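Chemist: Handing you a structure now.
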Amino acid sequence: MSLSLIIPAHNEEETIGCTIKQIEDVLDFNYEIIVINDHSTDRTDQVVCKLMEVYKNLTIVDNNVGRGFADALRKGFCVAGSDFVIPVMADLCDDPKTIKEMYDLAIQGYDIVCGSRYMRGGEKSGGPFIQSFFSRFAGLSLMHILGMPTRDISNSFKCYSKEVLKLVKTESRGFEISMELTLKAFFLGFKITEIPTVW
């Protein structure tokens, strides 16, 4: 089994180095990091290329699919060569310590492992109140109405099997791609679970 971490990055020269270093400091197993340079106009690519001299599991790929988060993810999913893929935000709002726990659950047989801010042990700190309200409301509503096995369907921090990424076609143009992927996978019968994470 193998793991790819996908980092969509648009003008992240100030944060991308710290993000990569924190991931490398926390994880102690084999994985690759693929930074998807999403039409950056700053030095994001130069910062990553310099870090590639230190971290041999790091690479950078230009997003030539289309501009924006969803297309950057699609490009990352396409080039990832691993059995499982986890998108990680370039500003490291996601807790890198959760990555190993997600991966462990994935290799036990789950097709999607959702990082959940709204289950016991999880937390969302900061961000717009209205955004938090609607993301929590969406997750709980789908859990109760459809039996969706996660309280946090809107969170982008998820571990996907390559099988899901091959079979589920997405149309979203923004951050809602994470919700679309999970919903479609659920209706196709893929096995989904969640794990607490701090945002």
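Chemist: Filter the stretch 163-199 down to the residues that are of a type outside the set (Asp, Glu), touching a strand residue (DSSP E or B) at 6+ places or on another chain (Cβ under 9 Å) and either over 14 Å from Leu73 (Cβ atoms) or open to solvent by 60 Å² or more (accessible area, probe 1.4 Å) (or both) and list them by number.
Modeler: Scanning the stretch 163-199 gives Ala185, Phe186, Phe190, Lys191, Ile192, Thr193, Ile195, Pro196, Thr197, Val198, Trp199.
Chemist: Give the stretch 106-120 a look and list any residue that's open to solvent by 30 Å² or more (accessible area, probe 1.4 Å), farther than 17 Å from Arg151 by Cα and not polar (S, T, N, Q), or say none.
Modeler: Selection gives Ile107, Gly109.
Chemist: Shifting gears a bit: Is it the case that some residue within the stretch 132-146 is part of a helix (DSSP H, G or I) and at pLDDT 85 or above?
Modeler: No, there is no match, as no residue in the stretch 132-146 is part of a helix (DSSP H, G or I) and at pLDDT 85 or above.
The values are calculated or read from the model by the stated rules, or taken from the named source; none is laboratory data. Keep in mind the model is a prediction, meaning the values are calculated, not measured. All Cβ positions, even for glycine, are placed from backbone atoms using ideal geometry, and neighbour counts span all protein chains on display. Surface accessibility is based on the protein's heavy atoms, side chains included, excluding ligands, DNA and RNA. Shrake-Rupley method; radii C 1.70, N 1.55, O 1.52, S 1.80 Å.
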